[in-house]
Amino acid sequence: MYTEKVMDHFLNPRNMGEIQDADAVGEVGNAKCGDIMKMYLKIDNNVITDIKFKTFGCASAIATSSIATEMIKGKSIDEALQLTNKAVVEALDGLPAHKIHCSVLAEQAVKAAIADYYRKQGIDPEPIVGKLTEADHH
């Protein structure tokens with residue numbers, strides 16, 4: 001059911017934990033499936049220098065969180081905003097159809113954290129990050 005990459009990221013998640021003095025925190029949840037994802041970012045000169053996540057959820061939720069952090073660590077905010085759930089699924093060599101929502105959650109968690117960063121900078125995040133869904137607001 002799960003690819004080797006999904007199992008690897010589930011059993012050996014990268015960047016798990018939290019950053020105490022994070023520059024940005026994004027939390028998203030899906031009440032329907034019970035998955036909750038929280039991303040912590042350290043940002044220096046518009047570059048994500050560190051990223052950690054805490055995810056309460058299934059194997060797919062943990063694996064998508066893990067790979068998403070790997071995909072944007074060291075990247076600029078603009079590059080991180082280009083992250084799509086499709087790219088996350090491809091990086092994991094696929095997900096079962098009924099688990100695709102986990103990859104959407106990973107994309108939303110990254111965007112919610114970046115929106116939080118912009119708000120802390122006194123910038124309205126909506127024109128940059130885009131319209132966040134209801135689930136993104138906590």
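Confirm whether A97 is small (G, A, S) and surrounded by 16 or more Cβ atoms within 10 Å (Cβ to Cβ).
Against the criterion (small (G, A, S) and surrounded by 16 or more Cβ atoms within 10 Å (Cβ to Cβ)), A97 does not qualify.
Has the range 63-82 got any residue that is touching a Pro at 6+ places or on another chain (Cβ under 8 Å), over 16 Å from K111 (Cβ atoms) and of a type in the set (S, T, N, Q)?
Scanning the range 63-82, I find at least one residue that is touching a Pro at 6+ places or on another chain (Cβ under 8 Å), over 16 Å from K111 (Cβ atoms) and of a type in the set (S, T, N, Q), so the answer is yes.
So which residues in the range 28-69 are exposed (fewer than 14 other Cβ atoms within 10 Å of the Cβ), at pLDDT 95 or above and either within 9 Å of the chain's Cα centre (by Cα) or not in a strand (DSSP E or B) (or both), if there are any at all?
N45, N46 - these are the residues of the range 28-69 that are exposed (fewer than 14 other Cβ atoms within 10 Å of the Cβ), at pLDDT 95 or above and either within 9 Å of the chain's Cα centre (by Cα) or not in a strand (DSSP E or B) (or both).
Is one or more of the residues making up the range 48-64 basic (K, R) and farther than 25 Å from M1 by Cβ?
Looking for residues that are basic (K, R) and farther than 25 Å from M1 by Cβ, one finds at least one in the range 48-64, hence yes.
The values are calculated or read from the model by the stated rules, or taken from the named source; none is laboratory data. This one's a predicted model, so the numbers in the text were calculated from it and none came from an experiment. Using ideal geometry, Cβ is built from the backbone for each residue, glycine included, and neighbour counts are taken over all protein chains shown.
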